[in-house]
Amino acid sequence: MKKATNRNEKSTQGQVILKNGFIVDGTGDQGYTGNLLIRGDIIEKISRREIKADARVIDCSGRVIAPGFIDIHSHNDWFMNSKSEFRTPFTEQGITTFVGGNCGYSAAGFSENSPYRDLLEDNLFKAGHRGLRWDTFEDYFSNISKNGMSHNLATLAGHGTTRTSIRGYDPSPMKGDSRKELLYLLEKSMDHGAKGVSFGLGYAPDIFTTREEIKEVANLVKKRDGIITVHVRAFSSISGVYPLKPFGTPHNILALQEMIDLARDTGVKLQISHLIIVGERSWKTLDRVINLINSAAAQGLDIRFDTYAYHCGASVITGILPDWFMAKVPHSYNDRALLRRLRILMNISFGLLGFNTSDIQIAAANYPELNRFNGMFLKDIARERKLSDFENYVDFAQKSNSTARVLMYKYSNEKIVEELIRHPLSHFMTDAWVEPEGVQNPSAFGCFPRFLQIAREKNIISLEETVHKMTLANAERMKIKDRGVLKKGKAADIVIFDYNNVRDNTSKEKSDAKPGGIETVFINGEIAMQNGKVNKKVKAGRVLT
């Protein structure tokens with residue numbers, strides 16, 4: 001099919017007619033052939049009939065016209081002050097809006113003059129900023145707006161980063177003045193526009209957070225009519241978080257139940273982040289996971305989850321370590337008793353899970369001596385270095401100061417990916433970011449096109465429902481009022497794509513391949529990508545509070 005073509009190139013600036021496209025408006029309703037008029041930064045008119053105006057015309061025959069895609073689980077809030085190359089692949093996917101601040105990590109909401117600035121800056125997203133020159137969301141929003149934004153941004157307040165700014169990685173429960181300051185800062189962040197609070201219960205310091213602390217934060221968020229998003233304590237049937245009990249309840253079920261109980265006790269709106277089921281022997285828990293969520297929703301709890309379209313995901317190398325080990329880092333790396341205990345736990349867990357170091361790929365070692373192993377799997381690296389799997393793993397963790405970036409596989413399988421895509425409570429996202437070096441997460445380059453490709457090739461979900469799960473459903477979930485739908489008066493965030501040919505082109509060998517089929521992207525009425533080529537000079541994005 002021919003590409004969308006442009007006529008009347010010299011027509012009135014700020015007015016564009018998208019002509020004869022198949023309009024999928026984001027609501028989930030059946031699409032139709034029609035026309036759309038953009039005037040300035042809004043949608044002026046949308047109609048099945050011809051629209052006449054003194055405007056530039058883009059012929060969209062054979063193409064889908066849809067709302068700009070909204071990435072409901074993003075970490076690009078850390079990259080908004082980086083070079084535009086970090087965000088270009090997301091434009092190439094058709095993404096126009098990020099929802100940042102996930103997994104307990106947000107780029108603002110800190111205690112003023114925090115003595116733990118080094119911990120705030122030296123995290124998983126350290127390549128995404130040039131120092132944090134602010135504390136509050138108010139100052140952060142002002143800074144990124146002043147410098148110009150490639151995309152729109154809504155964000156959550158990260159409980160982990162706020163807690164770090166007060167107490168560092170101190171594992172003891174927060175009490176007294178420190179807890180009061182935490183709650184004050186989180187509420188202040190919501191005052192400044194944060195949509196709610198995120199937890200990363202798999203990462204320090206959130207890994208140390210007690211249920212009582214979480215409940216107090218949830219009550220605050222409920223009072224403010226916000227949302228809690230949670231990277232739960234365990235996504236596998238066996239983890240270091242809970243005691244090992246033969247024939248006991250799988251740990252991912254315990255972790256999910258903990259959050260469902262939180263929603264039941266507080267009434268808070270709950271979003272389970274990047275629902276995955278890690279390890280071959282965990283996959284059999286899929287039905288129990290789905291039944292738990294379905295049952296909670298049937299009881300009236302406001303629970304949803306988000307998912308990506310891959311079997312792998314990005315994390316830090318210590319993301320699989322238990323709280324009792326992380327509580328004493330960096331001392332833990334030289335404590336023989338702790339290491340002995342950890343070795344036993346990992347050997348047992350890996351054996352029971354069907355997941356091991358052959359499933360962990362070093363994306364960026366973050367240590368000069370080890371960077372040559374970027375792209376290799378830990379099992380192969382250990383063999384080359386003539387170390388045991390455990391010794392090699394601990395060495396990478398220690399030398400990288402716990403920040404080596406990894407891709408972990410066997411996060412799910414094809415059946416699970418498809419089951420989560422078709423589930424009525426799922427939302428689509430990438431959970432990805434672009435790094436300056438090393439192996440890239442394929443989700444940063446092809447996730448949303450992959451959703452569309454799966455819908456087309458597998459016929460498990462309609463085009464209209466697929467678009468809905470990446471547009472209006474995400475906007476409504478995060479209370480973004482003027483995006484995610486093609487409707488008169490709404491923001492002109494729009495993507496034009498060839499549904500017959502849209503596809504993800506990434507592979508293990510080339511995880512940063514550009515997708516196919518996404519052709520033109522408008523952000524607030526400005527053309528950020530045309531005929532597949534991103535205009536990096538366009539900075540039409542806005543802060544969405």
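Coupling constants for the stretch 392-407 follow from the phi torsions by the Karplus curve (6.51 cos²θ - 1.76 cosθ + 1.60, θ = phi - 60°), and in residue order they are 5, 4, 5, 5, 5, 5, 5, 5, 8, 6, 6, 10, 3, 8, 10, 10 Hz; glycine and proline get x. Compute the separation of the alpha-carbon centres of the stretch 468-545 and the stretch 165-193 and state it in Å as a whole number. Taking the Cα centre of the stretch 165-193 as reference, the centre of the stretch 468-545 is 35 Å away.
Remark: the stretch 283-300, residue by residue, has Karplus-estimated 3J(HN,Hα) of 4, 5, 7, 3, 4, 5, 4, 5, 5, 4, 5, 4, 5, 4, 5, 5, 7, x Hz, where x stands for each Gly or Pro and the curve is 6.51 cos²θ - 1.76 cosθ + 1.60 at θ = phi - 60°.
Relative to the longest principal Cα axis of the chain, at what angle does helix 137-147 sit, 0 to 90 degrees, rounded to 10? Between the helix axis and the principal axis of the chain, the angle is about 50 degrees. This model, with +1 at the C-beta of Lys and Arg and -1 at the C-beta of Asp and Glu, gives the stretch 285-353 a dipole about its Cα centre of some 440 debye.
For THR88, neighbours were defined as the other residues whose beta-carbon sits under 13 Å from its Cβ, and their charges (Lys and Arg +1, Asp and Glu -1) total +4.
For the chain, averaging the sequence separation of C-alpha pairs within contact (under 8 Å, six or more residues apart) and dividing by the residue count gives a relative contact order of 21 percent. What does the charge dipole of the chain about its Cα centre add up to, to the nearest 20 debye, if the Cβ of each Lys and Arg holds +1 and the Cβ of each Asp and Glu holds -1? With only Lys, Arg, Asp and Glu charged at Cβ, the dipole is about 700 debye.
Could you give the distance between the Cα centres of the stretch 414-433 and the stretch 268-303, to the whole Å? Value for the Cα centre distance between the two parts: 12 Å.
With a simple spin-label model that places each label point 7 Å from the Cα along the Cα-to-Cβ direction, the separation between ARG288 and LYS537 comes to 5.8 nm. When TYR333, TYR105 are arranged by Cβ crowding within 10 Å, least crowded first, meaning fewest neighbours, the order is TYR333, TYR105. Separation of the stretch 337-390 and the stretch 63-106, taken as the distance between their Cα centroids, equals 31 angstrom. About its Cα centre, the dipole of the stretch 319-407 is roughly 180 debye, where the only charges are +1 on Lys and Arg Cβ and -1 on Asp and Glu Cβ.
Around LYS146, what is the net charge, scoring Lys/Arg as +1 and Asp/Glu as -1 over all other residues with Cβ under 12 Å from its Cβ? Neighbour charge sum, excluding LYS146 itself: +1. For the chain, give me the percentage of DSSP beta bridges that are antiparallel, rounded to the nearest 5 percent. Percentage antiparallel, nearest 5: 55.
Sorted on the mean count of surrounding Cβ atoms within 10 Å across their residues, most packed first, peptides 466-477, 52-63 read 466-477, 52-63. For THR430, nonlocal amide neighbours, meaning residues 5 or more places apart or on other chains whose placed amide H falls under 5 Å from its own, are ILE72, HIS73. Along the axis of the charge dipole computed for the chain (Cβ charges of +1 for Lys and Arg, -1 for Asp and Glu, origin at the Cα centre), the listed residues VAL417, ILE460, LEU185 are led at the positive end by ILE460. Rounded to the nearest 10 degrees, the inclination of helix 176-191 to the longest alpha-carbon principal axis of the chain is 10 degrees.
Which parts of the stretch 104-135 would a label at ASN371 reach, counting a residue when its backbone N lies under 16 Å from a point 7 Å out along Cα-to-Cβ? Of the residues in the stretch 104-135, 126-128 have backbone N under 16 Å from the label point off ASN371. Length gained on full extension, LYS488 to GLU121, computed as 0.36 nm times the residue gap minus the Cα-Cα distance: 127.9 nm.
Every helix of 4 or more DSSP H residues in the chain counts as -39500 (n - 2.57), and over all residues that averages to -9000 deg cm²/dmol at 222 nm.
Here, each number is a calculation from the coordinates, and none is a lab measurement. Model, not experiment: these values are computed from the prediction. Reconstructed Cβ throughout: ideal geometry from the backbone, glycine too, with neighbour counts over all protein chains shown.
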